[in-house]
Structure formats: C-alpha cells, structure tokens
Amino acid sequence: MTIFDRFSLKGRVALVTGGGRGLGLEIAKALCEAGAHVVITGRTAATLDTAVSALTQAGGSASTAAFDIADRHAQRETLALIEQQHGRLDILVNNVGARDRRPLSAFDDDTAIDLIQTDLISALTLSRDAAAIMMKNGHGRLISITSINGQVSMPGDGIYPVAKQGLTGLMRAMAVEFGPHGITSNAIAPGWFATETNAAMAADEDLMPFVRQRIPAQRWGRPHEIAGAALFLASDAASFVNGHVLTVDGGMTVRM
C-alpha cells in the first residue's frame with residue numbers, strides 16, 4: 001500500500017451536513033472524488049438536487065437528505081435510512097453553521113438559543129447517533145467544521161464564536177470517548193473564505209487593505225482549498241490524528 005492508497009475512500013459512506021453549497025459542497029466533492037458515497041443534507045431540496053447532479057456528472061456517487069439540521073426526528077430518520085441502504089456510515093462532516101452578526105446585547109434569549117441549537121447541539125446529537133453506527137464496524141471519522149472565530153472574535157459577532165468554541169470542545173470530548181472504538185474526532189477551523197455567503201465582503205475593495213495586512217497569504221481563501229484538509233482527516237492517512245483542530249486560514253490567526 002502506498003501513501004496515496006491511504007487517501008482512498010472507496011467503499012466508505014459519508015454524510016456532509018450543509019453540503020449543497022459553499023465549503024460543504026467542496027468537501028463533498030473531495031470525498032466523492034476519493035471514492036466515497038456522499039449523502040449531503042440541507043433545507044432546500046432544489047439546491048441539494050443541483051449539487052448531487054454536479055457530483056454525479058463528475059463521476060461521483062451521491063444522494064440527498066433534505067431536512068433542517070435542528071429537527072431531531074429527521075436526524076434519526078436520515079441516519080436510519082443510510083444504515084438501511086448502505087449498511088454503514090464511515091464519515092460525518094458537521095458543516096452546518098448559522099450566523100447572525102450582532103453583538104451579544106442585541107440578542108433575545110430565544111434567538112440566541114436557536115443559534116446554539118443549530119450550530120452546536122444539533123452537531124452533538126447527530127454525532128452521537130452517527131458514532132453508534134460507526135462502532136458496529138469499529139471505524140469512523142467525525143469531522144467538525146468550526147471556525148477561527150472559535151479562537152478569536154470580532155466586535156458585533158456575539159453568538160457564533162460561542163457555538164464554534166463549544167463545537168471544538170465537543171470534538172475533543174468525542175475524541176476521548178469514541179477513540180477506543182476506532183473512531184477519530186477532529187475539526188477544521190476555516191478562516192476567511194470567499195463562499196457565496198461571504199460574496200459581498202469578498203468583493204468589498206475597502207476590506208482588501210485589512211485582508212492584506214491581517215492574512216499573511218494576503219487574500220481570501222478559495223472554497224476548494226478546504227477540500228484537502230477534509231480528505232486528509234476523513235482518510236486512513238489520518239488514522240492516528242485524534243482531537244486536533246486543523247486551521248485553514250492563510251496564517252491569519254498566527255499573525256501578531
């Protein structure tokens with residue numbers, strides 16, 4: 001077996017939440033190209049169908065599950081269907097992340113709780129149930145897409161860093177709890193990526209001096225640049241990597 005063989009995901013089944021666009025879609029593409037069957041989730045069926053069409057036309061194997069990630073019943077139904085159809089689940093990528101850029105003082109309790117539910121609690125419940133399926137085969141990869149905003153924060157963005165730091169803590173707890181069962185748990189912390197969600201900011205020329213000064217790479221990340229990190233953590237090449245946060249930010253968080 002060569003090192004390249006260790007990156008193969010042939011015969012594996014993956015679930016990528018929020019996989020219809022942005023970083024989630026780029027991750028789904030990478031897993032498909034490596035040979036996995038990838039189930040992508042999201043709230044909008046049409047977006048998912050378009051994404052799956054692109055994945056399959058490129059030679060990948062993919063399917064959809066349209067539901068709100070905070071719907072606990074839908075979580076259970078989706079996992080049960082995956083196990084029924086494929087007999088296994090090898091990789092879970094918790095990629096969904098809702099954001100509401102306002103200071104803490106601007107949030108009422110219900111809105112804050114809803115965001116924490118979507119960004120953190122949903123990942124907890126889905127991961128716990130996914131791990132139960134993975135244990136049956138003695139193998140699994142749990143990958144949490146956190147953010148550099150789980151390490152550093154900016155004014156006017158009060159809840160998102162709370163949820164993302166919580167997701168990092170969850171990842172580490174799962175690394176310890178599920179590691180003895182052949183399941184690794186790791187995180188990817190993206191920096192500033194020029195996704196659809198950030199299109200307006202990425203096109204704002206007034207921001208570019210800040211980008212060049214703050215990010216050593218002096219540019220926004222390109223969405224496909226997240227793919228290598230995800231494939232590594234999902235593959236056997238990362239079989240002894242457990243409890244790690246892989247930062248993909250062009251050096252933003254290490255610059256003084």
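Quick notes on this structure:
- Filtered residues of segment 104-117 (kept if more than 14 Å from A163 (Cα to Cα) and part of a helix (DSSP H, G or I)): S105, A106, D109, D110
Residues are listed down the side, and each one gets a yes or a no for (1) part of a helix (DSSP H, G or I); (2) in contact (Cβ under 8 Å) with a residue 40 or more places away in the chain; (3) touching a Leu at 6+ places or on another chain (Cβ under 8 Å); (4) surrounded by fewer than 21 Cβ atoms within 10 Å (Cβ to Cβ):
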| residue | (1), (2), (3), (4) |
| --- | --- |
| R88 | no, yes, no, yes |
| R102 | no, yes, no, yes |
| D119 | yes, yes, yes, no |
| S122 | yes, yes, no, no |
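- Just one of the listed residues (I159, I113, I133) is in contact (Cβ under 8 Å) with a residue 40 or more places away in the chain, of a type in the set (V, I, T) and within 30 Å of I82 (Cα to Cα), and it is I133.
- Filtered residues of segment 1-24 (kept if of a type outside the set (S, T, N, Q), part of a loop (DSSP other than H, G, I, E, B) and surrounded by 13 or more Cβ atoms within 10 Å (Cβ to Cβ)): L9, R12, G18, G19, G20, R21
- Selected residue (only one of T64, T50 is open to solvent by 50 Å² or more (accessible area, probe 1.4 Å) and part of a strand (DSSP E or B)): T64
- Filtering segment 141-187 to residues that are touching a helix residue (DSSP H, G or I) at 6+ places or on another chain (Cβ under 8 Å) and assigned to a loop (DSSP other than H, G, I, E, B) leaves T146, S147, Q151, V152, S153, D157, G158, I159, G182.
- Looking only at segment 124-145, and only at residues there that are among the aliphatic types (A, V, I, L, M) and under 17 Å from G166 (Cβ atoms), the one that is most open to solvent (accessible area, probe 1.4 Å): L124
- Of the criteria (1) more than 13 Å from the chain's Cα centre (by Cα); (2) at pLDDT 95 or above; (3) charged (D, E, K, R), which one R102 fails: (2)
- The residue that is nearest to S235 (Cα to Cα), counting only those in segment 59-99 that are charged (D, E, K, R) and over 16 Å from the mean Cα position of the chain (by Cα), is R88.
- For segment 210-237, the set of residues classified as open to solvent by less than 60 Å² (accessible area, probe 1.4 Å) and either in contact with a strand residue (DSSP E or B) (Cβ under 7 Å, 6 or more places away or on another chain) or not in a helix (DSSP H, G or I) (or both) consists of I215, A217, W220, G221, P223, I226, A229, A230, L233, A234, S235, listed by residue number.
The values are calculated or read from the model by the stated rules, or taken from the named source; none is laboratory data. Just so we're clear, the structure is a prediction, and the values are computed from it rather than from any experiment. Using ideal geometry, Cβ is built from the backbone for each residue, glycine included, and neighbour counts are taken over all protein chains shown. For accessibility, only protein heavy atoms count, side chains too; no ligands or nucleic acids. Shrake-Rupley method; radii C 1.70, N 1.55, O 1.52, S 1.80 Å.
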